Amino acid sequence: MKSNYTGIWLLLTCALAIMIFVSFSDDISVGGWTVKKAPFAETIYPCKFTDTELNGYRTVTQDSIKDSLKEFKVVETDSMPKSIFMFGDSMTYNLARRLAKYAKQNGHELHAVNWDSSNTKIWAESDTLAYFLNKYNPDYIFISLGSNEVYFKDPTKRMPYVKKILSLIGDIPYVWIGPPNWNEETKINDMLEATCAPGSFFRSQGMKFVRQQDHIHPTRASSEQWMDSIMRWLPKSAHPILAVTPSDSIKKVQNKVVFLKALNR
Amino acid sequence: MEDISNLFDPKYISPIQEAAKNIWHLLAYDPSAPMLFSSGLFWMLFIIFLPIYAMLKNRRGQMVLFVVCFSLYFYYKSSGFFFLMLIATSMVDWFVSHIIYRLKVRRARLCMMWFSIIISLSILGYFKYANFFLWNWNQMVEGNFQPLDIILPVGISFYTFQSISYVVDVYKERIAPTENWLDYLFFLSFFPALVAGPIVRADYFLPQLERNERASNADIWGGLWLIIIGIIKKAVIADYIAQYNDLVFDEPSLYTGVQALMGVLGYTMQIYCDFSGYSDMAIGLALLMGFHLGINFDSPYQSRNLTEFWRRWHISLSSWLRDYVYIPLGGNRRGVFRTYLNNFLTMLIGGLWHGAAWKFIFWGAMHGVGLAIHKACRPVLSRIPDNFLTIFIGWSITFVYVSLLWVFFRASDFATSVLIIENIFRDFNPAQIPQFFEARTEWCVMMIILIICHFLPQQWADVLQSLFIRMNWVLKLIIFLLTVQLVVEFMSEEVAPFIYFQF
């Protein structure tokens, strides 16, 4: 290599090596700030992020779902049309696409807010949720949060934020959709289940998903199946509402999804 | 520990196989993940590219072949097999340019030039404007419009303009055609400028390729400095402030006049940071390789009138439009009315170049009207003395006009644009400004810093650049690392394609 390029090449190589090293290492915290990692590990190193669908190995059990269902007696379905509000992280959009069809089939109205990369802390600390609750005035809520907190070593630290979100929701019936784990259990589901009201948490952990290329997000089709599972479970939840499977005649529903981009807090 | 029995299962995929598979996926064409200069993948590939380029630099033929291959791969990664179309375009241009060069009869040369231009414009027209024209046709005849399933190849508007300027320059005998087809393909597919400009002119670029001079240390480190500035503008500032702007433009009825005004101001700065940031990265990369592409943005919002704005904004496009549209139309040589008309038509084409939609045509037309008005007022304006007040008034009118036109450029339709502007004028309550600042402190602080930086003298930026060039290697590494970490901290989950990507 020509000598005048050596310096720049070394600089770029060192920078890349450092970024990769940080990406694979444990969280680095400076003061109260945790250094965000470049996504090399997720992209290249498969073991850490293998999901059940890809390796075909992890034994999938539905026991936890069944166990949680045993605790609750079936309550009568509320047959009134609802104003449904769904909010959460980037999993929300594909779920909302399917939920929109359920809404149309069952006479509900659906509004959704998809906030990329968001987590419980962001929703709890910003005025966004209060704003949309005030705007849509919903009487039923679906929450899809937790996917961006799967790797937190101590999920109990997120509990105050979950509680804050639930307090903002107040008396409105809700279903918290647990993250579609693509990794071993990190107790986030346990924390969410323990914090949510009985019969208001849907544990997605253990379900099989076909993932997108990022190995994290379920594909559109897989998300639809995921939503179908939630709706099948709904009659057994604490606040069942009409959830008849959409007929094939409902081809395309105009989605009322607001997109918020990542805030990177 | 991993269960060893897994190894005998046909479903088992070892971590290495899985990693290889993932990397293969990463390198293959993915329409949802075009390769941007700010992406990790690009930098990984560039680290491999650079030493090979350096080794081949003195062997011109091999260097050209290597860079062409890399550029074509770069294009493949963004546009799939459309890279074959790029090769085909270059072949046609190259053959036609040689025929033009050899022909002695002017009319025959002219025919060949138009033949090449028509081919280039037909390809651009089909991919970019077919659905637009079909839609309008169907609106007129009230037919059932079914859009054609057309994918717009990335950067086609940029390389089509480069291709046209090359053939016209050969016809006008400003340049001789390249002896070697690969040299021309190198020019047309040069990866730093391939997908989003700047629009490189053959008479400026090809002599540099001919000389094949080694990049000096000032070029290399100056190039890295530009890349750092570009990354900050594009991946940190533009992507961050876009988050709020998108809210306003997506549902303007939800926002007050103050919020709408901030959204418009935000978008005004966002489009500048987005596009000039990417241009800076492209220019920096080229400089690092020893090629000068010239500047593409020169603090455009400092302009005191619209004519000056277009001398500072997207300079490679505005100079291209001047040389290949405005002047051939007659420029200012055919009387006052024709000058205004030529100006208007040039800007109309400029608007249409930005996208196949009426909103872009309107945006271009209004800039054309603004330029014509400025030209008409020049005799009066030239008599007004230059002082702080007149400078401020001129700047304010220009900035407000440009910013308002960005609303039409950004909003999804005309009605949304009108709604946003109506909001600003009808529902503006200054008392809400402190509340807005309180609610969006980070956004406001970033905007204030950005505006201040934009109005700093260019000399300050030059001083910083020369300081960086002379800086110790370790300090440079730290600055680069901090920049990359800043990008990671601000990184959206989905990469926001830069605004000019599809143009």
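Run down B:D219, B:D239 and say which single residue is within 19 Å of the chain's Cα centre (by Cα), crowded, with 16+ Cβ neighbours inside 10 Å and in contact (Cβ under 8 Å) with a residue 60 or more places away in the chain. Within the list B:D219, B:D239, the selection yields B:D239. The set of residues from the stretch A:16-29 being outside any loop (DSSP other than H, G, I, E, B) and either within 11 Å of another protein chain (Cβ to nearest Cβ) or more than 14 Å from B:E489 (Cα to Cα) (or both) comprises A:L16, A:A17, A:I18, A:M19, A:I20, A:F21, A:V22, A:S23, A:F24. Under the condition of being surrounded by 17 or more Cβ atoms within 10 Å (Cβ to Cβ), free of Cβ contacts under 8 Å to residues at least 40 places away in the same chain and among the β-branched types (V, I, T), the residues counted in the stretch B:314-332 number 1. Say whether the condition of being under 22 Å from the mean Cα position of the chain (by Cα) and part of a helix (DSSP H, G or I) is met by at least one residue in the stretch B:140-150. The answer is no, given that none of the residues of the stretch B:140-150 is under 22 Å from the mean Cα position of the chain (by Cα) and part of a helix (DSSP H, G or I). Within the stretch B:439-461, is there a residue that is charged (D, E, K, R), assigned to a helix (DSSP H, G or I), assigned by TED's automatic domain parsing to the domain that holds B:K234 and modelled with pLDDT under 90? Yes, the stretch B:439-461 contains at least one residue that is charged (D, E, K, R), assigned to a helix (DSSP H, G or I), assigned by TED's automatic domain parsing to the domain that holds B:K234 and modelled with pLDDT under 90. Every condition in (1) within 11 Å of chain A (Cβ to nearest Cβ); (2) within 23 Å of B:S299 (Cα to Cα); (3) not β-branched (V, I, T) holds for B:K234 except the one numbered (1). Comparison of A:L54, A:L95 shows that the only residue that is modelled with pLDDT under 70 and either within 14 Å of chain B (Cβ to nearest Cβ) or under 23 Å from the mean Cα position of the chain (by Cα) (or both) is A:L54. Of B:Y73, B:Y29, B:Y53, all but one fail to be of a type outside the set (A, V, I, L, M, F, W, C), away from chain A (no Cβ under 14 Å) and within 29 Å of B:S279 (Cβ to Cβ); the exception is B:Y73. Elements of the type helices (runs of 4 or more DSSP H) sitting completely within the stretch B:247-340 and holding at least 1 residues that are at pLDDT below 90: these cover B:257-288.
Selection within the stretch B:347-379: residues that are among the β-branched types (V, I, T) and closer than 24 Å to B:W135 by Cα. The member of this set that is farthest from the chain's Cα centre (by Cα) is B:I361. When each of B:A215, B:A202 is tested for being touching an Asp or Glu at 6+ places or on another chain (Cβ under 6 Å), among the aliphatic types (A, V, I, L, M) and either more than 30 Å from A:V257 (Cα to Cα) or within 14 Å of chain A (Cβ to nearest Cβ) (or both), the lone residue that passes is B:A202. What do you reckon, is B:F309 touching a Pro at 6+ places or on another chain (Cβ under 6 Å) and away from chain A (no Cβ under 14 Å)? In short, yes. Screening the candidates B:I199, B:I232 for the property of being assigned to a helix (DSSP H, G or I) and not acidic (D, E) yields one hit, B:I232. Of the residues making up the stretch B:304-313, at least one is hydroxyl-bearing (S, T, Y) and surrounded by fewer than 19 Cβ atoms within 10 Å (Cβ to Cβ).
Scanning the stretch B:1-58 for residues that are surrounded by 15 or more Cβ atoms within 10 Å (Cβ to Cβ), at pLDDT 75 or above and either among the aromatic types (F, W, Y) or at positive phi (or both) yields B:Y29, B:F37, B:F42, B:W43, B:F46, B:F49, B:Y53.
Candidates B:V488, B:V402: the one that is out of contact with any Phe, Trp or Tyr (no Cβ under 7 Å at 6 or more places or on another chain) and either modelled with pLDDT of 90 or more or within 14 Å of chain A (Cβ to nearest Cβ) (or both) is B:V488.
Quick grid of which residues meet (1) under 30 Å from A:M207 (Cβ atoms); (2) modelled with pLDDT of 70 or more; (3) crowded, with 17+ Cβ neighbours inside 10 Å; (4) assigned by TED's automatic domain parsing to the domain that holds A:P235:
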site: A:L12; (1), (2), (3), (4): no, yes, yes, no
site: A:A17; (1), (2), (3), (4): no, yes, no, no
site: A:D27; (1), (2), (3), (4): yes, yes, no, no
site: A:R58; (1), (2), (3), (4): yes, no, no, no
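Comparison of B:A461, B:A439 shows that the only residue that is within 11 Å of chain A (Cβ to nearest Cβ) and either of a type in the set (A, V, I, L, M) or in contact with a strand residue (DSSP E or B) (Cβ under 6 Å, 6 or more places away or on another chain) (or both) is B:A439.
The values are calculated or read from the model by the stated rules, or taken from the named source; none is laboratory data. All values derive from a computational prediction rather than experimental measurement. Note that we place each Cβ from the backbone using ideal geometry, even for glycine, and neighbour counts take in every protein chain shown.
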